[in-house]
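The values are calculated or read from the model by the stated rules, or taken from the named source; none is laboratory data. In this text, all values refer to a predicted model and were calculated from it rather than measured experimentally. Every residue, glycine as well, gets a Cβ built from its backbone with ideal geometry; the counts of neighbours run over all protein chains shown.
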Amino acid sequence: MKLKIKMGIDLLMTVLLLCLMAYQVTGQKLHEWFGTGMLVLFLLHNILNIRWYGSLFKGKYTLLRTMQTIINISVLISMLCLGFSGIVLSRHIFAGLPIQGPMAIARIMHLAASYWGFVLMSIHLGFHWSMVLGLFRRLCNRKKTPAAFVWLMCFIAIFIAGYGAYCFHKENILSYMFLKQEFVFFDFEQSAVSVFAGYITMMGLWVFIGFYTVKGLRKITSQSRRKE
């Protein structure tokens with residue numbers, strides 16, 4: 001039951017993440033509501049996984065565990081920055097609260113943290129993508145997936161990652177992440193389908209990278225243990 005709740009929260013967070021990135025489609029008010037929902041779900045996600053924090057200083061740190069820890073802590077930092085800056089910049093939901101802060105700093109913080117958060121959360125999802133695949137196999141009631149289907153899925157994954165890399169470069173996301181540009185220029189004439197397709201494939205790119213990074217590190221660890 002707890003696992004189902006966790007996966008449900010993670011699915012909602014993934015959907016909300018895409019909606020939050022598509023600001024030109026949702027507009028300011030919906031963006032704030034989605035952001036508030038994302039913050040609540042993120043807090044619930046951390047409460048349900050509170051044991052992870054208790055195990056931080058226990059056990060041996062492999063390269064894979066080190067990378068996962070860095071990504072998780074980075075996601076936490078980006079979400080805290082987004083929560084703080086979002087409340088300061090709020091024009092609707094939190095506008096009536098006696099919360100003030102440096103608007104210029106909050107705007108820059110929100111810009112950088114939003115794109116870093118998008119990339120880091122996508123990588124985090126990629127680190128746990130094997131669980132998603134396992135659930136898919138159970139839903140299809142298959143212990144072994146046909147080879148032809150596996151190859152088809154690999155081709156689709158490579159295509160999505162490739163197009164995601166193109167969109168990532170086209171949208172100049174790195175310039176926002178490293179604050180080379182401090183303003184985002186949204187194309188409000190772009191269709192909703194095109195906007196979401198772009199962000200879905202960009203998310204797919206980082207999920208792809210995260211998933212195959214984990215596979216590669218596990219293979220390296222397995223080979224090193226055999227040599228020992």
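Which numbered condition in (1) free of Cβ contacts under 8 Å to residues at least 24 places away in the same chain; (2) more than 20 Å from MET177 (Cβ to Cβ) is the only one that ILE73 fails?
The failed condition is (2).
Can you tell me which residue among ILE71, ILE87 is assigned to a helix (DSSP H, G or I) and at pLDDT 95 or above?
ILE71
Any residue in the stretch 59-74 that is farther than 23 Å from PHE211 by Cα and in contact with a helix residue (DSSP H, G or I) (Cβ under 6 Å, 6 or more places away or on another chain)?
Within the stretch 59-74, none of the residues are farther than 23 Å from PHE211 by Cα and in contact with a helix residue (DSSP H, G or I) (Cβ under 6 Å, 6 or more places away or on another chain).
Return yes when MET79 is in contact (Cβ under 8 Å) with a residue 12 or more places away in the chain, surrounded by 17 or more Cβ atoms within 10 Å (Cβ to Cβ) and within 25 Å of SER191 (Cα to Cα) and no when it is not.
no
Can you tell me which residue within the stretch 90-106, out of those that are more than 23 Å from the chain's Cα centre (by Cα) and part of a helix (DSSP H, G or I), is surrounded by the fewest Cβ atoms within 10 Å (Cβ to Cβ)?
Result: ALA104.
Please list, ordered by residue number, the helices (runs of 4 or more DSSP H) wholly in the stretch 107-205 having 3 or more residues that are modelled with pLDDT under 95.
So the answer is 129-139, 147-170.
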